[in-house]
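The next block holds one structure in the form of structure tokens; read it before the comments.
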Amino acid sequence: MGLTEPIHVLPKDTDNRLYREVPCPAYDKAYAEYKRTTLLPSETLRNVLLKEISRNASNYEVIYEVYDTLAIEHCQFDMSLPSWFSQAEFQPSQHQFFVGYVGGNPKMGRLYNGPLLHDIMLNLRQGRVNFFAGHDNDISTMMEVLGVYDISAPPPYNALLIFELHHHEEGQNKKDEGEEVRLLYHGHSKDLIVLPLPRCPSPCSLSNFISTFSSLSVDDETWRRECDEK
């Protein structure tokens, strides 16, 4: 008998890490305002969708639904893209849609990604290995709040984001004990690449990483309280 690894699964009604269906009124209000005032599609895209498929694209959610459907048909099932589809026109909608989850203000990023980032920091502190299975929007928003998202290359299928903790013989100070955080990414390249963190230059010690991004990290109790704030 081979080795088995227990898989921890949160019920959907309590999962504020990846599923994110737990009510958070403060976030919902901020996101609705961001969509109304900022997340607006171009007139060109609206006209194309209205003409070709009779969809009124009043916001980027509609455009992304179309883009995502066509991308899945093309990438997974080798179906031809319609003649009216322009990758250059539609792909930015994927960026706008994903980043829109956290793009309104730091509070949106904290409420959207905070619980997951809190878990990641806790695992780094304790030296534990954890795996989270999500979607491209989970990777995109995490990369955005860390300042490493590339608008020209949204995460493809099977994209992977890795937070590594390296131990060195000599650290920057006794508190760090030679611990360095590195962010690795597997996206469009066949190989893993190291993503430099602009806000935490290499070598990014564990203590520096936590202090730099602590404002975006939030535990469950604080998250629930902030979600209910007016």
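Values quoted throughout were computed directly from the atomic coordinates according to the rules given, and no laboratory measurement underlies them. Nothing here was measured: the structure is a model prediction, and the numbers come from that model. Here the Cβ is made from the backbone with ideal geometry for all residues, glycine too, and neighbour counts use every protein chain on show.
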TODO: Using the structure shown, list the pairs from LYS35/LYS107; LYS29/LYS107; LYS107/LYS230 with a Cα-Cα distance above 19 Å, or answer none.
DONE: none
Task: Sorted peptide list for 129-142, 87-100, criterion being average Cβ within 10 angstrom, highest first - done: 87-100, 129-142
Open item on the list: Need one word for the chain: rounded, prolate or oblate. Basis is the Cα gyration tensor (sqrt eigenvalues a ≥ b ≥ c); a/c below 1.5 gives rounded, then a/b vs b/c decides.
Closed with: prolate
TODO: Go ahead and set up a Gaussian network model of the chain, Cα springs under 10 Å, then flag whichever of MET79, MET143, MET121 fluctuates most.
DONE: MET79
Open item on the list: Given axes a ≥ b ≥ c from the Cα gyration tensor, I'd like to know whether segment 39-100 is rounded (a/c under 1.5), prolate (a/b larger than b/c) or oblate.
Closed with: oblate
Open item on the list: Please list 3J(HN,Hα) in residue order for segment 181-188, calculated via the Karplus relation 6.51 cos²θ - 1.76 cosθ + 1.60 where θ = phi - 60°; whole Hz, with x for glycine and proline.
Closed with: 9, 10, 10, 10, 9, 10, x, 7
Open item on the list: If the rule is a partner Cβ under 4.7 Å, which cysteines in the chain fail it?
Closed with: CYS75
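Just to confirm a number: summing +1 for Lys and Arg and -1 for Asp and Glu over residues other than PRO11 whose beta-carbon lies under 14 angstrom from that of PRO11, what do you get?
Taking every Cβ under 14 Å from that of PRO11, the sum is -1.
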Open item on the list: Please list, in order along segment 86-94, the HN-Hα scalar couplings obtained from phi with the Karplus expression 6.51 cos²θ - 1.76 cosθ + 1.60 (θ = phi - 60°), rounded to whole Hz, x for Gly and Pro.
Closed with: 10, 4, 5, 7, 8, 4, x, 5, 5
Open item on the list: Which order do the peptides 28-35, 201-208, 111-118, 47-54 come out in when sorted by mean C-beta neighbours inside 10 angstrom, highest first?
Closed with: 111-118, 201-208, 28-35, 47-54
Task: Selected from GLU43, GLU65, GLU164 as most flexible by GNM, with the chain as the system and alpha-carbon contacts under 10 Å - done: GLU43
Open item on the list: Just to confirm a number: summing +1 for Lys and Arg and -1 for Asp and Glu over residues other than HIS135 whose beta-carbon lies under 11 angstrom from that of HIS135, what do you get?
Closed with: -2
